[in-house]
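Asks: Just passing along the structure, written as structure tokens.
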Amino acid sequence: MRGARDYRLDATLDITEFTATMIDIVLARNSTVLENYDRDQGMPAGIVELAPIELWHWGVVNRSGRSQAWPEEYVRFRLLPTAEVSVDRRGISFQGRSYIGPRILDLMSKARMGRSSKVTISFDPRTTDVVYLHVEDAEHGFEVCTLHEASRAYAGRTCVEADSDRQIMVDVRRDAETKDVTRKINVAKRLEARVADAEARK
């Protein structure tokens, strides 16, 4: 707001000092005894101090909290944003682009017969080249679907760049349609005038 005090002038700590302060607060919180913690069945009374860090260590040893190694592809897939999208005759329709993959061929056939389908995908905003179809029985829970040939103009772009390109294409198409309508009207008027002149001469 114009005229309001600039809160940045009130800052005392630099970014390093602020980061160190936040770490100290988190560490202190993780060591604080929880007053109303619902003790798990099988957790020995008096052995575990009811603080988050101690509960963590006890769970790693006595429960399924042992560190597990997950495939990089699976972890990456789980971290991506998701979307529910429809499948049409060209494949998965997402943000004006089409994607195809073996698992959706049947859904594409149904779309050609007028039966639409919804699927869940994950996507990487940094690239438009592929999306990840959620498939429960797949090795990592997904199938890679690639950009359809009809959407090749968007290949190698980020999602933001592709959206910008699509908006430009929409604007250009709208202008072209307007010019086309104007051209047809002018042709019709000239034709009417030509016919009127011919009838007058007749």
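The values are calculated or read from the model by the stated rules, or taken from the named source; none is laboratory data. Bear in mind the structure is a predicted one, so any value in this text is a computation, not a measurement. Backbone-built Cβ (ideal geometry, glycine too); neighbour counts: all protein chains shown. Side chains are part of the model used for accessible areas, which takes the heavy atoms of the whole protein and leaves out ligands, DNA and RNA. Shrake-Rupley method; radii C 1.70, N 1.55, O 1.52, S 1.80 Å.
Asks: Could you order Met22, Met108 so the one with the most accessible surface comes first? Probe is 1.4 Å. Don't skip to the answer; put the middle values down first.
Replies: Values: Met22 85, Met108 15 Å².
So the residues, ranked largest to smallest area, are Met22, Met108.
Asks: Mind ranking His134, His57, His140 by accessible surface for me, highest first, 1.4 Å probe?
Replies: Order by accessible area, largest first: His57, His134, His140.
Asks: Starting at 0 and stepping by 5 Å, how many percent of the alpha carbon pairs of the range 83-202 end up in each bin?
Replies: Whole-percent P(r) values from 0 Å outward: 2, 10, 15, 16, 12, 10, 7, 5, 5, 5, 4, 4, 2, 1, 1, 0, 0.
Asks: Pull up all non-local amide H partners of Thr128: gap of 5 or more, or a different chain, and H-to-H distance under 5 Å with H placed in the peptide plane.
Replies: Gly156, Arg157
Asks: Go ahead and set up a Gaussian network model of the chain, Cα springs under 10 Å, then flag whichever of Gly59, Gly96, Gly42 fluctuates most.
Replies: Answer for the Gaussian network model of the chain: Gly42.
Asks: Give me, ordered by chain and number, the residues 5 or more places off Leu50 or on other chains with an amide H under 5 Å from its own placed amide H.
Replies: Here Leu34 satisfy the definition.
Asks: Here's another thing I want to ask about it. How much net charge surrounds Val135 when only other residues with a Cβ under 11 Å from its Cβ are counted (Lys, Arg +1; Asp, Glu -1)?
Replies: With Lys, Arg at +1 and Asp, Glu at -1, the neighbours total -3.
Asks: Could you pull out every residue, at least 5 positions away or on a different chain, whose amide H is within less than 5 Å of the one on Ser98? Hs are placed 1.01 Å off N in the peptide plane, and Pro or chain starts have none.
Replies: So Ser98 has HN proximity to His148, Ser151.
Asks: Would you mind computing, in nm to one decimal, how far apart the modelled labels at Ala196 and Arg39 are, each placed 7 Å from Cα along Cα→Cβ?
Replies: Here the modelled spin labels are 10.0 nm apart.
Asks: May I pose another question? As a test of understanding, state the convex hull volume per residue of the range 121-168 from its alpha carbons, in Å³.
Replies: 73 Å³
Asks: I'd like the trypsin sites (Lys or Arg not before Pro) in the range 96-125 restricted to DSSP loop residues with at most 10 other Cβ atoms within 10 Å, sorted by number.
Replies: In loop regions of the range 96-125 (DSSP not H, G, I, E or B), the sparsely surrounded trypsin sites (Lys or Arg not before Pro) are Arg115.
Asks: Another question about this same structure. Using the heavy atoms of the protein chains alone and a 1.4 angstrom probe, what is the accessible area of the chain per residue in square angstrom?
Replies: Value returned for the chain: 76 Å² of accessible area per residue.
Asks: Which label marks the calculated value of Rg and Dmax of the Cα atoms in Å, given the options [x] 16.7, 48; [y] 30.9, 114; [z] 18.3, 54?
Replies: [y]
Asks: Report the net charge of residues surrounding Met108, where surrounding means a beta-carbon distance below 9 angstrom and charges are Lys +1, Arg +1, Asp -1, Glu -1.
Replies: So the environment of Met108 carries a net charge of +2.
Asks: Please tell me the relative contact order of the range 67-166 in percent, rounded to the nearest whole number, where contacts are Cα pairs under 8 Å and at least six residues apart. Numbers along the way, then the final one.
Replies: Details: 172 pairs, mean separation 26.2, N = 100.
Averaging sequence separation for qualifying contacts and normalising by length gives 26 percent for the range 67-166.
Asks: How big is the range 69-142 by the Kirkwood estimate over distinct Cα pairs, in Å?
Replies: 12.9 Å
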